[in-house]
Amino acid sequence: MGGVDDFDVVVVGSGFGGSVTAFRLAEAGLRVCLLERGKPFPPGSFPRDPHEAAKNFWDPDSRLYGMYDLWSFSKLDALVCSGLGGGSLIYANVLIRKPESWFVHEAFDGGYENWPVTRAELDPHYDRVERMMGAQRYPFEVAPYRDTPKTLAMQEAAARLGLPWELPLLAVSFGDPPVPGAPIEGGEDNLHHSPRTTCRLVGECDVGCNSGSKNSLDFTYLSAADRLGAEIRTLCEVRSFERTSQGFLVSYVAHGDPGPGAEPRDPHAPPVRRTIRSRRLVLSAGTLGTGYLLLRNRSAFPGLSPALGSRFSGNGDFLGMVFKARRPHPDRPGETVPRLLEPSFGPVITSAMFMDRREDGDAPVRGFYIEDAGYPEFLNWLVEHNVLTLSHRVGRFLLRRGWSQLTRTAKSRVGRQVGEALGKGLLTATSMPLLGMGRDVPDGRMFLRDGHLDLDWRPAASDRYFRQMNATMQRVSHSLGGGYASNPLWWLNRLITVHPVGGAPMGRTAREGVVDPFGRVYGCPGLSIADGSVLPGPVGPNPSLTIAALADRSAERIVEDHRRNPTRPS
């Protein structure tokens, strides 16, 4: 085996499971190598123009090494991220703990959801992750933040509906005191060696933060792991792994030269296969990536649980839209005026309302969150000035100018006409997306079909949940004087998720789960999983914090196991 790099632990993936694990193990003095298939995205590198955005997808066969990776199945599409920092590059920064009452032990038609860990067991790890991520609440009490229209609207809607409302913790730097766009002291102390500024309130969290205001994993856990000596290799896509007498051999394709600053190789060069050896292996490639790797390499691990692929869930993800909101006229009773929501002002998400497991009429509620959502300002221009609308306005403007020239009518001030050509922009200013997530039924199953990952998931079991979510979003919209539109794919019995979970669920026994409550794979000593695939059901709120807390807990047990037996996996 001469010439093969040797480590105590290899971690596959740099999302919320892999980054936390790599840091905690490096902190304990283990020799750690983290393999990430994507490339680094330092501040300023996230594309904004159409040409670069069109290439910002993950498809190595087409020589695309961007961060958006879209998986499509028969009843569901899933969007995940490829890049150093995983999903933290494009998530909306929300850190909400799973409610204690949602750590359930209950059956549903065809299966059950059983959480072998408790909220009390996770709370110390939640604490640690929140500190490491620099969590802050949106500073709603001071200007200019207190005038954020979408936050005010959500607070008002929640009060009218009688629902709890909160400003959740966000992994965003606002400053102390909060000031938009201020330099962050010591901001260059990161693996990108890039300066950072506080949040500029431009709604670009989901397309990559070019100012470095997000406390994403590359700025937090990965930079800390790098300082501790962990070896981080980017553009390294793991394809297979196998057991040896001393641990594991991990084979990967190098799309670029190893290292945090790696760039894609010459597109005409053949792929380079490399092998690495470790005593322990941690899979953190995300729900879909880890599930695919385990299914693809199942023959090398005959002891894997029959539960592999089960308990898949979309974490109840659901999208709705408030549009053309209105409010009472301040001076004329019975009349209304447009209500500005301005979704592009602020981070993507600032607040959340919550419906717990209580009775809603005669129907039990499984529980869900509804959060305000934003998007970059340039999307407003795309909506307001689509080709047909813009051509109509511009055509009318040109006709007026042509008529003035023909009639020789002096019109030196044409600002109003130019403004009319651009439009008032009220459609986007008075509209706002609503993001829902919660406790759908985890009855999906992943499997291989002709070598490709496939998913058997039928939304019918969660139909009541989605109908309750849809009805509540409609009530939110109407309370703001607006119309409502749900995701049209829902009416086609199809959904999209950005929070896929399950597939390698934890359980108390090998029959119940693929991993034990500490993420160790049953029947495969030395192999652990630390990502969303280990969840035995939906988290409910945004799952990133819970995934990170479980990884923190799992890493502690890996360190204990290693110290008891440093030469052999256990």
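The values are calculated or read from the model by the stated rules, or taken from the named source; none is laboratory data. No experiment lies behind these values; they were computed from the predicted model shown. Note that we place each Cβ from the backbone using ideal geometry, even for glycine, and neighbour counts take in every protein chain shown. Keep in mind that these areas ignore ligands, DNA and RNA; they rest on the heavy atoms of the full protein, side chains included. Shrake-Rupley method; radii C 1.70, N 1.55, O 1.52, S 1.80 Å.
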Of everything in the stretch 93-110 that's of a type in the set (A, V, I, L, M, F, W, C) and open to solvent by less than 50 Å² (accessible area, probe 1.4 Å), which residue is farthest from the chain's Cα centre (by Cα)?
-> F108
Elements of type strands (runs of 3 or more DSSP E) in the stretch 329-395, at least 1 residues being at pLDDT below 90, touching a His at 6+ places or on another chain (Cβ under 7 Å) and closer than 22 Å to S213 by Cβ = none
What residue, among those in the stretch 453-483 that are touching a helix residue (DSSP H, G or I) at 6+ places or on another chain (Cβ under 7 Å), open to solvent by 10 Å² or more (accessible area, probe 1.4 Å) and outside any helix (DSSP H, G or I), is farthest from L163 (Cα to Cα)?
-> L453
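Working carefully through the options R563, R557, find the one that is in a helix (DSSP H, G or I), farther than 15 Å from V117 by Cα and among the charged types (D, E, K, R).
R563
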Close pairs from the stretch 90-118: first over 15 Å from L535 (Cβ atoms), partner among the polar types (S, T, N, Q) and in a loop (DSSP other than H, G, I, E, B), Cβ under 6 Å, at least 6 apart | V94/N542
Among residues of the stretch 268-286, those that are within 29 Å of the chain's Cα centre (by Cα) and modelled with pLDDT under 95, counted = 0
Within the group S240, S278, which residue is in contact with a strand residue (DSSP E or B) (Cβ under 7 Å, 6 or more places away or on another chain) and under 22 Å from Y65 (Cα atoms)?
-> S240
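Would you be able to tell me the number of residues in the stretch 426-452 that are open to solvent by 20 Å² or more (accessible area, probe 1.4 Å) and more than 23 Å from I96 (Cβ to Cβ)?
Pass one, the stretch 426-452, residues open to solvent by 20 Å² or more (accessible area, probe 1.4 Å): 426-427, 435, 443, 445, 447-452.
Filter once more, so that each one left must be more than 23 Å from I96 (Cβ to Cβ): 426-427, 443, 445, 447-452.
The total comes to 10.
R445 - would you say it is in contact with a strand residue (DSSP E or B) (Cβ under 9 Å, 6 or more places away or on another chain) and either under 19 Å from L535 (Cβ atoms) or at pLDDT 65 or above (or both)? Walk me through how you get there before you give the answer.
On the way: in contact with a strand residue (DSSP E or B) (Cβ under 9 Å, 6 or more places away or on another chain): yes; either under 19 Å from L535 (Cβ atoms) or at pLDDT 65 or above (or both): yes.
In short, yes.
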Looking only at the stretch 127-152, and only at residues there that are of a type in the set (K, R) and in a helix (DSSP H, G or I), the one that is least open to solvent (accessible area, probe 1.4 Å) = K150
If only one of D8, D49, D61, D69 is surrounded by fewer than 18 Cβ atoms within 10 Å (Cβ to Cβ) and closer than 27 Å to T275 by Cβ, which one is it?
-> D61
Number of the condition not met by S299 [criteria: (1) surrounded by fewer than 17 Cβ atoms within 10 Å (Cβ to Cβ); (2) of a type in the set (S, T, Y); (3) at pLDDT 95 or above; (4) in a helix (DSSP H, G or I)] = (3)
Residue identified as under 18 Å from F16 (Cα atoms), surrounded by fewer than 22 Cβ atoms within 10 Å (Cβ to Cβ) and among the charged types (D, E, K, R) among D218, D206 | D206
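Residues checked against (1) more than 27 Å from I558 (Cα to Cα); (2) of a type in the set (S, T, N, Q); (3) at pLDDT 95 or above:
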position: T21; (1), (2), (3): no, yes, yes
position: L25; (1), (2), (3): no, no, yes
position: G29; (1), (2), (3): no, no, yes
position: L35; (1), (2), (3): no, no, yes
position: P43; (1), (2), (3): yes, no, yes
position: P47; (1), (2), (3): yes, no, no
position: L64; (1), (2), (3): yes, no, no
position: F73; (1), (2), (3): yes, no, no
In the stretch 226-241, which residues are open to solvent by 20 Å² or more (accessible area, probe 1.4 Å) and of a type in the set (G, A, S)?
-> G229, S240
Any residue at all in the stretch 153-172 that is within 24 Å of the chain's Cα centre (by Cα) and surrounded by fewer than 17 Cβ atoms within 10 Å (Cβ to Cβ)?
-> yes
L550 being in contact (Cβ under 8 Å) with a residue 12 or more places away in the chain, open to solvent by 10 Å² or more (accessible area, probe 1.4 Å) and under 21 Å from the mean Cα position of the chain (by Cα) = yes
